[in-house]
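Bear in mind that the values in this text are calculations on the coordinates, not laboratory data. This structure is a prediction, so every number in the text was calculated from the model and none was measured. Here the Cβ positions follow ideal geometry from the backbone for every residue, glycine too, while neighbour counts run over all protein chains shown.
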């Protein structure tokens with residue numbers, strides 16, 4: 001049975017391991033989600049993308065700009081869920097989840113992650129809607145897909161924090177790409193597709 005909280009911040013005080021997640025939850029409400037999608041990849045974004053690929057085990061992968069929504073949609077829809085990159089991410093996610101559960105009980109972790117997901121979804125949806133309006137994307141699927149990717153990225157970044165790993169973890173780096181207003185879609189072949 002879930003506890004009721006007088007203040008949303010109470011959920012981060014249930015266990016010391018969760019205190020590190022509150023700044024992330026605060027940050028996602030202030031971010032300019034998807035504010036630089038389709039723009040050329042600058043040097044800092046390229047560096048982050050290369051570090052992500054290397055950390056995931058794919059050092060020869062090259063960041064590739066997807067310049068319009070149609071290309072991004074094709075890449076997002078045709079992602080190979082059995083690809084080596086997907087498998088590497090899944091193994092990392094499973095490991096982090098297992099480690100997080102050694103520090104936080106399952107019910108508490110579920111409550112915190114649900115709170116984070118709701119917070120991210122609200123902020124990222126607004127950002128995706130603004131990007132869709134700006135780019136004249138008349139496709140609700142864009143908003144839904146972008147928001148879903150944002151929620152997943154923050155979930156994974158939160159696990160990294162709970163487990164106590166550093167900023168060089170691939171999931172932290174992927175979150176920083178979102179923080180820069182991008183949508184890192186994923187690795188396909190030798191390309192790391194970024195919208």
Query raised in the report: P(r) of the range 142-195 in 5 Å steps, Cα pairs, percent per bin?
Result: 4, 20, 28, 24, 16, 7, 1
Report task. Compare the peptides 26-34, 94-102 by average per-residue count of other Cβ atoms within 10 angstrom and give them in order, highest first. Result -> 26-34, 94-102
Query raised in the report: Using alpha-carbon pairs under 8 Å, 6+ residues apart, how would you state the relative contact order of the chain in percent?
Result: 38 percent
Query raised in the report: Cα axis of helix 106-135 to longest principal axis of the chain: angle in degrees, 0 to 90, nearest 10?
Result: 30 degrees
Query raised in the report: Restricting the count to DSSP beta bridges whose residues both fall in the chain, what percent are antiparallel, rounded to a multiple of 5?
Result: 50 percent
Query - Spatial separation of Cα centroids for the range 165-181 and the range 55-119, in angstrom - result: 11 Å
Query raised in the report: Per residue, what volume in Å³ does the Cα convex hull of the chain take up?
Result: 118 Å³
**Report entry** Tilt relative to the chain, helix 84-100 - C-alpha long axis, 0 to 90 degrees, to 10
**Finding:** 10 degrees
Report summary line: With -39,500 (n - 2.57) per DSSP H segment of 4 or more residues and division by the full residue count of the chain, the 222 nm estimate, nearest 500 deg cm²/dmol, is -19000 deg cm²/dmol
Report summary line: Percent relative contact order for the range 96-195, counting Cα pairs under 8 Å at least six residues apart, stands at 23 percent
